[in-house]
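Read through the structure below, which is laid out as structure tokens, and then see the notes.
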Ligand SMILES: [Zn+2]
């Protein structure tokens with residue numbers, strides 16, 4: 001489950017600096033850090049007992065360097081060479097150890113939490129939003145809000161610990177929750193996936209963690225993550241649409257997350273795209289989510305199979321189609337299953353209609369499509385989505401508009417939550 005700290009690779013040094021690509025971005029580390037790590041005493045310090053590979057070792061160097069970069073007094077926070085140590089001895093040992101201790105505990109990092117109906121994803125990020133580690137726990141929503149919040153708190157502490165960071169290095173926690181959230185007061189107003197009503201999430205998590213906690217709707221937060229971290233050009237207007245079990249979205253207007261009068265804007269999944277269509281979890285009929293969300297697709301496939309429809313999916317995962325995943329649909333299509341292909345094409349068509357409506361209303365520069373369904377079925381869905389959206393949008397209004405898939409996949413939520421934590425504590 002722990003997937004952090006295994007992807008770093010060094011590139012060529014340039015202008016006296018070494019560069020390490022840690023997967024989510026590029027980390028620059030002073031050559032001093034890397035030179036220092038060549039001495040045995042330093043290697044002994046920077047390699048933890050659990051580290052074995054080069055990339056693990058390299059990321060430890062980055063973490064040391066990050067701590068060093070954040071120090072206001074310009075002193076490196078990693079162990080020093082003998083020469084440097086002699087120089088530092090000019091200062092009193094007491095002052096030095098005070099400064100070292102202060103740097104080690106300085107709150108410079110952020111934790112982002114994506115609280116879902118089935119899993120809690122927790123990511124630890126440095127001050128520049130580079131991911132240092134990630135942890136996944138099951139939600140166990142059936143145990144109730146108090147137990148789930150205890151699990152969230154445990155996930156935060158364990159994720160920080162897995163990064164070999166002091167908990168005191170965490171400045172704030174951001175969290176995205178499904179459903180309607182009052183972000184100002186930190187309450188989850190209504191989250192049917194969790195079975196929650198009016199839960200004071202911020203207050204309770206702050207009690208657990210002793211840190212500032214900031215709450216937002218999960219798709220708003222994922223949009224924020226894509227906008228701040230993934231989009232290089234920083235468009236003024238952007239829409240995020242996330243195709244997962246359900247469908248959610250977020251609006252960036254004039255460079256800011258738009259939350260609306262009652263702070264519930266962005267519910268794109270409940271746009272009605274087929275009058276009198278299938279029933280949605282919200283109570284309406286024909287919502288975008290009820291036609292193109294993963295749960296809707298799976299229900300449709302299972303119902304058709306019960307009625308005698310043949311599909312390779314039953315050979316792949318059994319006649320009950322339990323534990324079906326988005327990737328199974330892709331595999332079935334690639335094995336020539338026309339039934340599954342048609343279902344996915346219909347979902348792509350409705351997604352295109354929804355995006356066409358959004359383009360007509362908001363005229364965004366970019367629409368980013370994220371979530372597990374598009375991640376698994378990009379080749380099968382994206383061309384249909386783009387064509388349908390541009391066909392549906394008014395002529396002459398789409399010039400320059402881009403519809404692109406997000407590469408953050410499941411990580412958009414934790415990235416956005418860390419962005420939120422950093423924004424609110426700056
Ligand atoms: Zn709905």
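Note on segment 232-420: Cα-Cα pairs beyond 26 Å make up 32% of the total pair count. Sorted ascending by nearby beta carbons within 10 Å, beginning with the fewest, 261, 125 become 261, 125.
The coefficient of translational diffusion for segment 109-222, derived via Stokes-Einstein from the alpha carbon Kirkwood radius under 4 °C and 1.567 mPa s, stands at 94 µm²/s. A full extension of the chain between residue 161 and residue 207 corresponds to an added length of 14.6 nm, given 0.36 nm per residue minus the alpha carbon distance.
Where a number appears in this text, it was derived from the coordinates with a stated rule and is not lab data. Note that the structure is a prediction, hence the values are computed from the model and not measured. Cβ atoms come from the backbone with ideal geometry, glycine included; neighbour counts cover every protein chain shown.
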